[in-house]
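Peer 1: If you scroll down you'll find the structure; I have some questions about it.
Readers should treat all values here as calculations from the given coordinates under stated rules, not as data from a laboratory. It should be emphasised that the depicted structure is a prediction, and the values quoted were computed from it without experimental measurement. When we count neighbours, we look across all protein chains shown, and the Cβ atoms used for this are built from the backbone with ideal geometry, even at glycine.
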Amino acid sequence: MSCLRWLCQRHISYAARRSFLQKVSDRMVHSEKITQRHGKILRSLIKSEDKRLMCSASRFMNLRSTPEDDGVQSEVREKVMSHLEAAWHETFREMTTYQARQLAHKGRDRHESSQADLTYGEVKFSSLARILSEDLRRHNVELKGTFYDLGSGTGRGVIAAALVGSFTRLCGVELLADLHNAAVDVQKVYEHVVAPRLGLEVEQEVKFVQGNFLKADWSDANVIFINSTCFSKPLMEKIVKQAVKLSPGTCVVTLTHPMVSPYFDLVESKKLRFFAVS
Ligand SMILES: C[S@@+](CC[C@H](N)C(=O)[O-])C[C@H]1O[C@@H](n2cnc3c(N)ncnc32)[C@H](O)[C@@H]1O
């Protein structure tokens with residue numbers, strides 16, 4: 001013999017849930033817990049009655065939570081971030097890591113640079129999103145102005161930063177032509193499909209440049225990302241040498257290898273590191 005167990009809760013109308021979430025959104029934007037851009041995305045999720053947000057709202061309201069509660073705001077923030085992550089994956093649907101590795105492998109063989117420097121790897125959305133929106137914010141680094149990814153591959157770092165930050169210019173510099181061309185295709189998907197679907201007008205300039213970042217000018221950067229795990233010591237030394245041209249306050253996020261120079265202060269070191277020019 002078996003029996004069913006039912007759990008029922010007071011039904012809360014969708015209009016009431018939307019109104020609750022709208023208040024949460026207003027409070028969060030007002031107290032800068034989320035950016036204006038993310039507030040806009042949140043409003044469009046509320047308007048379209050996003051299923052997961054509506055479920056959360058019902059639970060919050062049944063628990064008599066208020067729009068000011070930290071727990072409510074952090075869950076709503078997480079929902080926005082997971083929506084952005086889904087958008088990032090959608091952008092790369094036609095350019096998988098496997099395909100990118102094959103392009104890199106092919107291009108690498110034709111190049112004279114150190115093979116180790118051209119080893120391919122990709123940053124995960126969650127890692128870069130956490131660094132940008134939590135670690136950098138904690139150190140009052142604004143996600144505004146110009147962002148660079150030095151060695152941008154197929155553009156995963158640039159697109160993640162475009163989604164997470166409020167940068168007005170984002171630029172990826174990549175040596176290998178096939179990876180660069182793939183990034184240009186990815187950019188089209190982002191600009192013509194993904195960003196409009198998120199309700200983001202074209203308010204950012206995303207650019208991919210093919211070439212050696214040691215010969216490029218990135219002195220106007222506000223935030224720089226370098227997935228340097230496979231970069232050799234000589235390459236890192238050249239990057240550091242060129243980086244002395246950066247303005248004070250510029251933040252460099254580098255994975256694995258530090259920026260060894262008296263021109264840089266180590267702001268925070270985790271398994272992932274980032275530096276600011278002093
Ligand atoms: C580990 S991959 C990172 C790709 C991307 N930033 C990401 O995290 O998804 C490093 C990239 O740097 C590129 N690279 C290495 N040396 C370079 C140089 N001197 N100029 C431009 N790109 C370079 C490699 O071809 C490779 O695509």
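Peer 1: Going through the range 73-151, which GluC sites (Glu not before Pro) have at most 11 other Cβ atoms within 10 Å and a DSSP loop state? If you can, show how the numbers build up before the last one.
Peer 2: Details: sites: 75, 78, 85, 90, 94, 112, 122, 134, 142; in loops: 94, 112, 122, 142.
Answer by residue number: 94, 112.
Peer 1: Moving on to the next point. Using a 10 Å cut-off on Cβ atoms, rank the peptides 61-70, 18-27 from the highest mean neighbour count down.
Peer 2: Numbers: 61-70: 13.2, 18-27: 19.0.
Per-residue Cβ counts within 10 Å, averaged per peptide and sorted highest first, yield 18-27, 61-70.
Peer 1: Right, here's the next one. In whole Hz, with x marking every Gly and Pro, tabulate ³J(HN,Hα) for the range 114-129 from phi via Karplus 6.51 cos²θ - 1.76 cosθ + 1.60, θ = phi - 60°.
Peer 2: 4, 4, 5, 4, 9, 5, 9, x, 10, 7, 8, 4, 4, 5, 5, 4
Peer 1: With just the Cα atoms of the range 95-277, tell me how far they stretch along each of the three principal axes, in Å, largest first.
Peer 2: Computed over the Cα atoms, the extents are 42, 41, 28 Å.
Peer 1: On to the next question. Can you work out ³J(HN,Hα) from phi for every residue in the range 203-218, in order, using Karplus 6.51 cos²θ - 1.76 cosθ + 1.60 and θ = phi - 60°, giving whole Hz and x for Gly and Pro?
Peer 2: Going residue by residue, I get 10, 10, 9, 9, 9, 10, 10, 9, x, 7, 5, 6, 9, 8, 9, 10 Hz, with x marking Gly and Pro.
Peer 1: Please go through the range 150-203 and write out the GluC sites (Glu not before Pro) that DSSP classes as loop and that have at most 15 other C-beta atoms within 10 Å.
Peer 2: On the way: sites: 174, 191, 201, 203; in loops: 201, 203.
Sites meeting the loop and neighbour criteria: 201, 203.
Peer 1: Convex hull volume of the Cα atoms in the range 14-88, per residue, in Å³?
Peer 2: 74
Peer 1: Enumerate the amide H contacts of residue 253 below 5 Å, restricted to partners 5 or more residues apart or on another chain; note that Pro and chain-start residues carry no placed amide H.
Peer 2: 224, 225, 226, 275
Peer 1: So what J values fall out for the range 246-255 if you push phi through Karplus, 6.51 cos²θ - 1.76 cosθ + 1.60 with θ = phi - 60°, rounded to Hz, Gly and Pro as x?
Peer 2: Per residue, the Karplus-derived 3J(HN,Hα) values read 5, 6, x, x, 5, 10, 10, 9, 10, 8 Hz.
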